[in-house]
Amino acid sequence: MVLALRSITMTTSNTAPPSSLEALDLKGHLTVHDISQCATDFGNLRHLPPSAVLHPAAVSDISAVIKHVFRLGPRSELTVAARGRGHSLHGQAQAPGGVVVRMESLRAPEMRVLAAGGLPCIDVSGGELWIDVLMESLKHGLAPKSWTDYLHLTVGGTLSNAGISGQAFRNGPQISNVREMEIVTGKGEVVNCSTEVHADLFYAVLGGLGQFGIITRARIDLEPAPKMVKWMRVLYSDFSSLAQDQELLVSAEKTFDYIEGFVIINKTGLLNHWRSSSSFKPKNPVQADSFDSDGKTLFCLEIAKYFNPEETDTMNKEVESLLCKLSYIPSTLFETEVSYLEFLDRVHVSELKLRSIGLWEVPHPWLNLLIPRTRICDFAAGVFGKIVSDSNDGPILLYPASKSKWDNRTSAVIPDEEVFYLVAFLSSAPASDAGSLELALRKNDRILEFCWKEGIQMKQYLPHYTRLDEWKAHFGAGWEKFEHRKRIYDPLAILAPGQRIFHKDMH
Ligand SMILES: Cc1cc2nc3c(=O)[nH]c(=O)nc-3n(C[C@H](O)[C@H](O)[C@H](O)COP(=O)(O)OP(=O)(O)OC[C@H]3O[C@@H](n4cnc5c(N)ncnc54)[C@H](O)[C@@H]3O)c2cc1C
């Protein structure tokens, strides 16, 4: 019963935007035609329609709508949420009864690569997709330094969270690679900010869960783009060896360019699957046949080294010397070489496959945790093969990140240890698999309960809480600052109500 209540749906009979909004003089337009699209997201667990959708043609449109809602004062129930592409999991980009701003409609500024302060960077609109930022940068032989695993997310959406992938251990998350931004605050003011100008707003917005302003432009750091990637997977039968090798690699000065990992539990025919569906080849085909995952829990290190074709020999020597330091069994090494674009856009291939069989737009009860290094072995021992008895409903990612690459002036919340692990349970729950949603949600609850009982001081990434005391505990010592910033930049709690941190009626 409790579980059934988690999937919340609300319908609306609106046929026109609220009349007070219709009087605004906008370059773009307000509509109700796509309110149902804006009442859903990738999580597919919460469906709360707005009363209008703004397709902004200029930053002034976003500013005008927010200023208008601000002028209506605390008694008006209208709120405003920016929507990147709605890849949120629990309605975070929804604005029940309010206005959703579809950021893809904001085509300004046009993407522009420039060299500011001698270093390359790119100016992009907040609604731009990372794949498009990459394509534009590649025209100049450049690319952003830090990524997410999936590139069809927006710049504003990932900067509101953190933006983590296998490059974060060396370059920091995406929020550590932004130089300046243009923000529309919760009062409708348009503010340019950077580490030097309006620095408090700059840091507040990064990892700020959309609470302090809408990112309309961001200036992202770039670096020379490699042409090719040597991409490797190595299997382990025990967790501590994987963790030891991952930690050795993330702390080494000369190391791989990308380090991730994943957990495989009770999955049949894994190696056959790799052989038939990917370009990965075992380095030692004969011995690799003796190692498969049927019925077991295996751990996989995923690493990549970037190179240009003329440097292939040097790259291979560097890879060999790094692999020599690891404790894996050589027969479990699988490798491939792909273009840099193919490597970065790898999840899109899975998306297309899943879409073609109707398995993309299903509920996604994902759980993303950041676990302190000192407790990761306890977590692994209590969860893998126990609370989680198979990984057939979606990948389980696991890799370390370094706190020193995160700026503690941002709003992002991470554990208080130099090394911490991202552990992501990326479950899918298709309707054809009866009861799978309830099972996945129950599993998530049990994982959280386990952390709580064992005193594991984890933090949720892409956090989902519904009560103020839970949010306060999430932010810990940072809560006061977060709340103070809210009072300054969005005093009426107009922005991103779907995060369910602040409520308009609190003021
Ligand atoms: C398949 C898949 C893979 C993913 N992989 C990764 C990964 O590897 N690493 C990682 O870090 N994350 C990953 N994510 C999570 C992703 O970062 C979040 O889904 C995030 O919400 C971005 O999605 P979006 O751009 O569609 O933003 P939305 O979901 O639309 O918005 C997210 C939040 O940000 C706010 N927001 C959106 N745009 C703006 C803006 N311009 N200004 C201010 N606030 C804004 C919204 O109101 C909402 O609160 C993945 C998600 C999916 C679906």
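Okay, here's what the table says:
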{"read-out": "Cα-based helix-to-principal-axis angle, 59-72 vs the chain, degrees rounded to 10", "value": "60 degrees"}
{"read-out": "Distance violations [Cα-Cα > 30 Å] among 325/403; 386/481; 305/386", "value": "386/481; 305/386"}
{"read-out": "Solvent exposure of the chain as accessible area per residue, Å², 1.4 Å probe", "value": "42 Å²"}
{"read-out": "Highest to lowest packing among 225-233, 62-70, 455-463, scored as the average C-beta count within 10 Å", "value": "62-70, 225-233, 455-463"}
{"read-out": "Order of exposure, largest accessible area first, which applies to 187, 139 with probe 1.4 Å", "value": "139, 187"}
{"read-out": "The chain: calculated mean residue ellipticity at 222 nm from DSSP helix runs of at least 4, using -39500 (n - 2.57)", "value": "-8000 deg cm²/dmol"}
{"read-out": "Set of lysines with alpha-carbon distance to residue 486 below 22 Å, sequence-local pairs under 8 removed", "value": "67, 187, 459, 472, 504"}
{"read-out": "Residue-by-residue Karplus 3J(HN,Hα) for the stretch 122-138, coefficients 6.51, -1.76, 1.60, Hz, glycine and proline x", "value": "9, 8, 9, 6, x, x, 5, 7, 4, 4, 6, 5, 4, 4, 5, 5, 4"}
{"read-out": "Global form of the stretch 379-507, assessed from the alpha-carbon gyration tensor, a/c cut-off 1.5", "value": "oblate"}
{"read-out": "For the stretch 55-131: relative contact order, % (alpha-carbon pairs under 8 angstrom, 6 or more apart)", "value": "29 percent"}
{"read-out": "Percent carbon-and-sulfur accessible area, the chain, ignoring ligands, DNA and RNA, probe 1.4 Å", "value": "53 percent"}
{"read-out": "Largest-first ordering by accessible area, 1.4 Å probe, given options 360, 130", "value": "360, 130"}
{"read-out": "Accessible area in the full protein assembly, largest first, 1.4 Å probe, for 409, 170, 179", "value": "409, 170, 179"}
{"read-out": "Pairwise centroid distance, computed over Cα atoms, of the stretch 98-175 with the stretch 453-507, Å", "value": "25 Å"}
{"read-out": "Rough spin-label spacing in nm, given labels placed 7 Å along Cα→Cβ, for residue 467 and residue 132", "value": "4.2 nm"}
{"read-out": "Sequence-distant aspartates and glutamates (8 or more away, or on other chains) whose Cα lies within less than 18 Å of residue 27", "value": "61, 104, 110, 189"}
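The values are calculated or read from the model by the stated rules, or taken from the named source; none is laboratory data. Everything numeric in this text was worked out from a predicted model, so none of it was measured. Methodologically, a virtual Cβ is constructed for each residue, glycine included, from the backbone with ideal geometry; neighbour enumeration extends over all protein chains shown. Keep in mind that these areas ignore ligands, DNA and RNA; they rest on the heavy atoms of the full protein, side chains included. Shrake-Rupley method; radii C 1.70, N 1.55, O 1.52, S 1.80 Å.
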